[in-house]
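What follows is one structure encoded as C-alpha cells, with my remarks underneath.
Values in this text are rule-based calculations from the coordinates and carry no lab data. These numbers were taken from a predicted model, which means no experiment stands behind them. Cβ sites come from the backbone with ideal geometry, for glycine too, and all protein chains shown count toward neighbours.
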Ligand SMILES: NC(=O)c1ccc[n+]([C@@H]2O[C@H](COP(=O)([O-])OP(=O)(O)OC[C@H]3O[C@@H](n4cnc5c(N)ncnc54)[C@H](OP(=O)(O)O)[C@@H]3O)[C@@H](O)[C@H]2O)c1
C-alpha cells in the first residue's frame, strides 16, 4: 500500500515509518516541517498529490502538562489539525488511521476500558485528543482509531530513559504508585499498527503491550538491569498527591484489547518483554 504518515519526526513516527517500509509499504513520511497539519490547504494539496491508500496520522500536540495552559494550541493541532487531515482524506475517499490515547478516559474504573466504554477526559490534552477522534468519525467513512498508552522508544524523551539515567546518578528515586496502566514500546505498537492495516478491519482499537502495572513497578523493572550490574538503587513508592503536576492523569487507564487481539489473530507482547527488548538494543544507556 502507499501510506502517508504525518508526524513522522515524532517518537512513534520515527519508528513506525521505517517499520512500515520494511513491511513492504511505499511510505511517504512527512514531518512537521514538510506538512503542518494546522494548514488545511497544504494538507489537501499534499494528500491530493500523494494519493495514498491510507493516511497514518501520528502528528499531535503531546505536551500533557503544558496543554493545561496552551489549550488553544492543543486543540488547534489535535482537534482542528486532525480535522484537516480527516477532511482531506474523506474528499478523496481515503481511509485514515488516527493514533489516540488512554487519556480519553477518566480513570475512575478498576477494570480495563473497552473500546465502546464512555469517554471522559480529565485533562486538556485528553479532551483535545477526544475531539480529534470525533472529527475523524465525523468526516471519514473508513477509519482506524488506535488508542495507545505510556509510549517509549528510541526517539525522544521517555520514562524508561529518564528512570535509567536517574538510577545511574542517584541512590534513591521516588515514583508514583497509584497510577496504573500499560507501558507500550513504539516497536511493538508499530507491529500492531502494521498488522491492523493488513487486517483491513476498520474500527476503534486499544493497542498497548500486554499487562497492567503502576509507574512504580514499571520503574522497578527498568532498574533491575542496573541492579544486576551491581548498582544499588532504591525505588520508593509515592502518591500522585505528593508529586503535583499541572495536568491530572487517569488513576487507572488499562485498556481492554480483546478487539485488537481478535482482529490480529495473535497474542500481544507482554510489557516486560517489550521493555527488555528495548533496553537490550539501547546499548547507549549502559553504564560506563
Ligand atoms: N507518548 C505517549 O506516551 C503517548 C501515549 C498515548 C498516545 N500517544 C499518541 O501517539 C501519537 C504519537 O505520539 P508521540 O509520542 O510520537 O509524540 P511526539 O513525539 O510528540 O510526536 C508528535 C509529532 O507531531 C509533530 N507535530 C506537532 N504539531 C504538528 C503540526 N502542527 N503539524 C505536523 N506535525 C506536528 C511533533 O513535532 P514537534 O515535536 O516538532 O512539535 C512531533 O514530531 C500521538 O497521537 C499521541 O497523542 C502518545
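Numbers at a glance
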| item | result |
| --- | --- |
| Taking the convex hull of Cα positions in region 201-275, its mean projected area over all directions (nm²) | 7.0 nm² |
| Region 18-62: mean projected area of Cα convex hull, nm² | 3.6 nm² |
| Listed residues 192, 96, 243, most fluctuating in the chain (Gaussian network, C-alpha, under 10 Å) | 243 |
| Calculated [θ] (222 nm, deg cm²/dmol) that DSSP helices of n ≥ 4 give over the chain, each run adding -39,500 (n - 2.57) | -11500 deg cm²/dmol |
| The chain, relative contact order in percent, only Cα pairs under 8 angstrom and at least six apart counted | 20 percent |
| Gain upon complete extension [residue 229, residue 242; 0.36 nm per residue less C-alpha separation] | 1.6 nm |
| Distribution of pairwise C-alpha distances over region 149-190, 10 Å bins, in % | 24, 48, 26, 2 |
| Spatial extent of region 156-230: Rg and Dmax, with the Cα atoms as the point set, Å | 15.7, 49 |
| More than 12 angstrom apart: percent of Cα pairs within region 37-85 | 64 percent |
| Size descriptor, Kirkwood hydrodynamic radius, that averages inverse alpha-carbon separations across the chain, Å | 19.4 Å |
| Spin-label model distance (nm) - residue 280 vs residue 116, 7 Å beyond Cα toward Cβ | 4.0 nm |
| Computed Rg/Rh of region 126-170, alpha carbon atoms with Kirkwood Rh | 1.24 |
| Under 15 Å from the residue 174 label point (7 Å along Cα→beta-carbon), backbone N, region 234-264 | 234-245 |
| Antiparallel bridge percentage (DSSP; both residues within region 138-288; nearest 5) | 15 percent |
| Counting all C-alpha pairs of region 1-115, share separated by more than 26 Å (%) | 23 percent |
| Candidates 254, 86, 21, ranked by Gaussian network fluctuation over the chain, Cα under 10 Å, top entry | 21 |
| For region 72-212, the Rg and Dmax computed from alpha carbons only, in angstrom | 16.7, 57 |
| Gaussian network model of the chain, springs between alpha carbon atoms under 10 Å - residue of 260, 35, 97 with greatest fluctuation | 35 |
| Debye intensity ratio I(q)/I(0), log10, region 158-288, q values 0.15, 0.17 Å⁻¹ (C-alpha model) | -0.79, -0.95 |
